[in-house]
1. Give me the Kirkwood hydrodynamic radius of region 370-437, using the inverse of the mean 1/r over all pairs of distinct Cα atoms, in Å to one decimal.
2. Just rank Leu310, Leu171, Leu96, Leu248, fewest to most, by other beta-carbon atoms within 10 angstrom.
3. Near Arg90, within a Cβ-to-Cβ distance under 12 Å, what is the net charge of the other residues, with Lys and Arg +1 and Asp and Glu -1?
4. Once fully extended, how much extra length lies between Asp261 and Thr454, figured as 0.36 nm per residue of separation less the alpha-carbon to alpha-carbon distance?
5. Setting aside same-chain residues fewer than 8 positions from Lys221, which lysines have a Cα under 20 Å from its Cα?
6. Based on the Cβ-Cβ distance of Asp361 and Glu317, what FRET efficiency does E = 1/(1 + (r/R0)^6) give at R0 = 22 Å, to the nearest 0.05?
7. With θ taken as phi - 60° and the coefficients 6.51, -1.76 and 1.60, list the Karplus ³J(HN,Hα) couplings across region 206-219 in order, rounded to whole Hz; mark glycine and proline as x.
8. For the chain, what is the charge dipole size about the Cα centre, in debye to the nearest 20, if Lys and Arg each add +1 at the Cβ and Asp and Glu each add -1 at the Cβ?
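None of the figures in this text is laboratory data; all of them are computed from the coordinates on show. What you are looking at is a predicted structure, and each value in this text was computed from that prediction instead of being measured. Virtual Cβ from ideal backbone geometry, glycine too; neighbours counted across all protein chains shown.
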Amino acid sequence: MSNQYRQWIDGEWCDAKNAGTWDVLNPATEEVVRTVPFGDAEDCRAAIAAAARAFPAWSQLAGPARGNYLFKVAELLDQRFESIATEMTREEGKTLPEAKGEVRRAINIFRYFGGEGSRLPGFLVPSERDRVHMFTLRKAIGVVGLITPWNFPIAIPAWKMAPALICGNTLIIKPASAAPLCAWRIVEACHDAGIPKGVVNFIAGSGGELGQALLSAPPVKAVSFTGSTEVGHWVHEQASKRRLRIQLEMGGKNPTIVLADAPFAASVENVVNAAFFSTGQKCTATSRVVVEEPIYDKFLEALIERTRKLKVGNGMEAGVDIGPAVDQGALETFVRYCEIGAQEAGPAKLGGKRLTGPGYDKGYFFEPTIFAGVTPEMRIAQEEIFGPVLAVMKAKDAKDALRIANEIPFGLSSSIQTSSLSSAFDFVYGAQAGLLTVNLPSAGVEYQLPFGGTKDSSFGPKEQGPAAMEFYSDLKTIYLKY
Ligand code: NAP
């Protein structure tokens, strides 16, 4: 594994043309993990031109041959598993076991989509006409731009890059500035796997500048973006000017409903897991728990007791459950929303403050926080905080709980805890979200099924599983008389 980190454009490792650099900080210690190039629109244009040149040959390669490259990338990531996971904990802050789980997922994603190269499913149907053969073919769309956030620094780049490549597209990936190193590790594996020059291009720099360059360049046929709703809406506006194909995965404010008949202890665990692990910085994290009245007090008490036992600290240390916020800005958001929450719902029942003292002074550590007595119109019940801050709400019954759960602009994930099959199905049919879980945490999805939300959380075709092929390819429909 290389110790250099540089942009990768047209098969060359290169520094930013403007010689810009950027320090990636460890959020647990504020140490510089690595100084990396910080490119600009000129680098982006060079990457786009390289991807356009590489497209004809790559898209004409047989699917299984592209699949072999993806299998090789998976193998290389597997060989580098431990060091990539360690680097992830250092750049993003999540605990080492969480980082290992994520690297494993990225490896599996490359294997999964490598296999798709031997399928690339189209379909064949019988014609009404004599001796007419009708079928579809799946074809690549061209150069695609991929913009990723920091919170899953290897899984999200993997779940965009692998389907883009297997469908025959060439790409430019631009990772989040806060945590770009793991995406670079995939690119490094693509290089080492021998993927031809120009097929994969990696640029780093300001999202605003590089995003604009990607969205306005004619060779780019599609952009897949994951990040905040605010930036996603801006991407949507820019893309619609050119009728560019886009896929947007954005923010959430995900509920978990806990009914009185729920398996009690398991429900407490599921809520704590979904609300606080990864510092609440998962797009599918639970940030609202809606509890049925008869068990509200008992559940709140158990939730507080269980959360109190969580250990916050440097994710490299054994026994730590929750790492730091990704950066100072995220930490300030937690602090600001805790002030808003205290004004709206009264003092937090647990937490609510930045952690200080030995082991905490240098990083962005925050107490896992619980507000109770939250009502649906409050800002802490409506707005994404993207941190370890949980709003506990009371519902009269299952119907009321579903109403409260749905009363938000977002629709990414939603969860219910119940032992009633009937309540589970009412939820499955009535919940306004793209990802639903029953008696599981709201977070924790797998790559074999479609991923994505509804309402303000998502726009365009879903990611992952067979659905990913819809975004990264076109179907040609053929009628052939023989
Ligand atoms: P963000 O600030 O929106 O940034 C996401 C990416 O967009 C980064 O690479 C960023 O670059 C880039 N960017 C910034 N401004 C841009 C612009 N004007 N045009 C194009 N790209 C631009 O989000 P984040 O803070 O990284 O991630 C947290 C958010 O992602 C949360 O809202 C979370 O819910 C959401 N998320 C959603 C999903 C999902 O699947 N729905 C999954 C994970 C995360 P810079 O880093 O250089 O600014």
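1. 12.8
2. Leu310, Leu96, Leu248, Leu171
3. So the environment of Arg90 carries a net charge of -3.
4. Contour length minus Cα-Cα distance gives 66.6 nm.
5. Lys139, Lys160, Lys174, Lys197, Lys241, Lys462, Lys476
6. Numbers: r = 16 Å, r/R0 = 0.71.
It comes out at approximately 0.90.
7. Values per residue, Gly and Pro as x: 5, x, x, 6, 6, x, 4, 5, 5, 6, 9, 8, x, x Hz.
8. Magnitude of the dipole: close to 1500 debye.
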